[in-house]
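We did not get these values from a lab; they are worked out from the coordinates using the rules stated. Please read these numbers as outputs of a predicted model, since none were measured by experiment. For neighbour counting, all protein chains shown are included, and Cβ atoms are generated from backbone atoms with ideal geometry for every residue, glycine included.
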Amino acid sequence: MSGAKEQAAGSGRGGVRQVDVAALVEQAREGRPRAVARLISLVEGASPQLREVMAALAPLTGGAYVVGLTGSPGVGKSTSTSALVTAYRRAGRRVGVLAVDPSSPFSGGALLGDRVRMSEHASDPGVYIRSMATRGHLGGLAWAAPQAIRVLDAAGCDVVLVETVGVGQSEVEIAAQADTSVVLLAPGMGDGIQAAKAGILEIGDVYVVNKADRDGADATARELNHMLGLGESRAPGAWRPPIVKTVAARSEGTDELLAALDKHRAWMDEHGVLAERRRARAAKEIETIALTDLRARIAAPASATSLTALADQVTQGTLDPYTAADTLLTDLTTAP
Ligand SMILES: Nc1nc2c(ncn2[C@@H]2O[C@H](COP(=O)(O)OP(=O)(O)O)[C@@H](O)[C@H]2O)c(=O)[nH]1
Ligand SMILES: [Mg+2]
């Protein structure tokens, strides 16, 4: 309906090709990797057809358990993700992997090493692996990641593992989008202090001290235990984030990590936390889309003209800024 009008705004390589959304969604639902890949490309490219895609996907979603993995570069996120994929596959689960790089405008490049580490799963039809860049997006990570997750969810993934390159705020952002957040640390990286700085001590549901084959793993785990206040008493029924030691490169501790994830999920179910988190996530997503849309509308030429006119009146003292803002909002939300 609005497609033709909005096409020009698409991220076309020489013009946007209209996609048969219904067919694509059907193929994705059947588990066809190319259809899944194309849908995620539509998300990444902020396609004007996304609205239609999301409408078609909505009834197919809600089945996937979303696990976020964050931590400093080199800590072993990709290696751990790959080990988890193997473990989940062994349990017969279909797995989606989304590697999000909030700092790169290109997908792929920066995550090349990750691809290598995931390569053993490349030919497994029960695994989708996708890297995604979010820089340059209006709304960034908060906007793009949930929609990509939704694609994988609708495609029948039982589990979606989201790896984010740890660059400050993005870790917190991605944690807000996962059902369970895993924070990874490694010995000898000064991670204890970094962890406190980045605020990741608040976001972890499960902590992993990876590279436990190296010196200092026990000390890191002890320090973490102390910083998390795990020795202190908690309210009855409260979740106590476990600390799992792993050697991801040899898949050691992966079963324990999987058990910790299962346990957290069961705890969330039991306490209504899963539903609560998902509701909060949806609310955030709606808000992000609405604000992004509102900003785009304000920036549109017609609105910019009326904004200038309002600004003139405020400058001249014939209108106060609050009334002007009311007028702007009313115009924006009632405009056809
Ligand atoms: N010694 C050791 N090296 C590991 C372990 N896990 C991962 N690595 C290595 O650490 C490097 C970074 O791993 P990667 O998974 O790419 O980290 P990411 O940047 O957090 O995704 C790679 O060279 C891995 O082979 C481990 O348990 N022990
Ligand atoms: Mg990685």
Residue by residue through segment 49-65, which ³J(HN,Hα) values in whole Hz follow from phi under the Karplus form 6.51 cos²θ - 1.76 cosθ + 1.60 (θ = phi - 60°), with glycine and proline marked x?
-> 7, 4, 4, 5, 4, 5, 5, 6, 7, 3, x, 9, 9, x, x, 8, 8
J(HN,Hα) series, segment 29-45, from Karplus relation 6.51 cos²θ - 1.76 cosθ + 1.60, nearest Hz, glycine and proline x = 4, 6, x, 7, x, 5, 5, 4, 4, 5, 5, 5, 5, 5, 5, 4, x
Ranked Tyr65, Tyr207, Tyr128, criterion: other C-beta atoms within 10 Å, fewest first = Tyr65, Tyr128, Tyr207
Quick one: if the Förster radius is 25 Å, what FRET efficiency do Leu329 and Ala55 give, using the C-beta to C-beta distance and rounding to 0.05?
-> 0.45
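When the chain is fully extended, how far beyond the present Cα-Cα distance does Arg32 get from Asp312, taking 0.36 nm per residue of separation? Spell out each step's value before the answer.
Details: separation 280, 0.36 × 280 = 100.80 nm, distance 5.57 nm.
Working it through step by step, the gained length comes to 95.2 nm.
Using a cut-off of 10 Å between beta-carbons, work out the net charge of the residues near Val273 (Lys and Arg +1, Asp and Glu -1, Val273 not included).
Details: positive: Arg265, Arg277, Arg278; negative: Asp179, Asp205, Asp269, Glu270, Glu276.
Within the 10 Å Cβ shell, the charges total -2.
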Which ordering of Thr288, Thr220 is given by a fewest-first count of other beta-carbon atoms within 10 Å?
-> Thr288, Thr220
Sorted from fewest to most neighbouring beta carbons within 10 Å, what does the list Val127, Val19 look like?
-> Val19, Val127
Within the set of other residues whose C-beta is less than 12 Å from the C-beta of Glu256, count the net charge using Lys and Arg as +1 and Asp and Glu as -1.
-> -1
